[in-house]
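To start, the structure itself, in structure tokens.
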Amino acid sequence: MSDFLTITNANELIRIPAGSLVCVVADGNYSDIRTRDGEKRTVAVQLGVIEDLIHKQLGAQEEEFVRIGKSLIVNLRFLTYINPGKKQIVLSDHHTFKLNLEASKEALRQLKDYIEREYKL
């Protein structure tokens with residue numbers, strides 16, 4: 001297992017420290033990878049493939065990553081706000097970045113319920 005997520009295709013190889021990976025957003029056959037330093041990198045890899053790589057490569061750290069619906073994987077360490085009614089999720093480290101994203105009401109409701117159960121809220 002590794003502390004890095006490594007994504008490779010015919011043209012490039014990307015290594016991202018697990019603690020720096022904020023989210024991955026699907027865009028058809030491409031995925032936008034967002035990191036803690038504000039970088040956005042688009043790769044020609046589908047979200048499902050990245051999800052599998054997270055499970056295979058990150059060991060225990062993979063539990064920090066949750067797929068939300070069909071188009072989003074988030075690092076729960078950066079989750080600061082969920083509002084299913086507004087279809088809004090906010091990821092932030094409270095210092096250097098704040099990322100507002102949209103997801104389906106149902107997916108966000110499931111995520112909210114999951115967090116409430118996990119933390120016995």
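Please treat every number below as a calculation from the coordinates, not as lab data. All values derive from a computational prediction rather than experimental measurement. Reconstructed Cβ throughout: ideal geometry from the backbone, glycine too, with neighbour counts over all protein chains shown.
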Legend entry - Alpha-carbon gyration tensor eigenvalues x 5, square-rooted, for the chain, Å: 23, 15, 14
Legend entry - Sequence ranges 54-60, 113-119, 64-70, ranked by mean other-Cβ count within 10 angstrom, highest first: 64-70, 54-60, 113-119
Inset, instruction - In whole Hz, with x marking every Gly and Pro, tabulate ³J(HN,Hα) for segment 9-14 from phi via Karplus 6.51 cos²θ - 1.76 cosθ + 1.60, θ = phi - 60°. - result: 9, 4, 10, 8, 10, 10
Inset, instruction - Could you calculate the contour length gain from N11 to K56, that is, 0.36 nm times the residue separation minus the distance between their Cα atoms, to one decimal place in nm? - result: 14.0 nm
Legend entry - Cα-projected label distance for F97 with N29, points at 7 Å along beta-carbon direction, nm: 2.7 nm
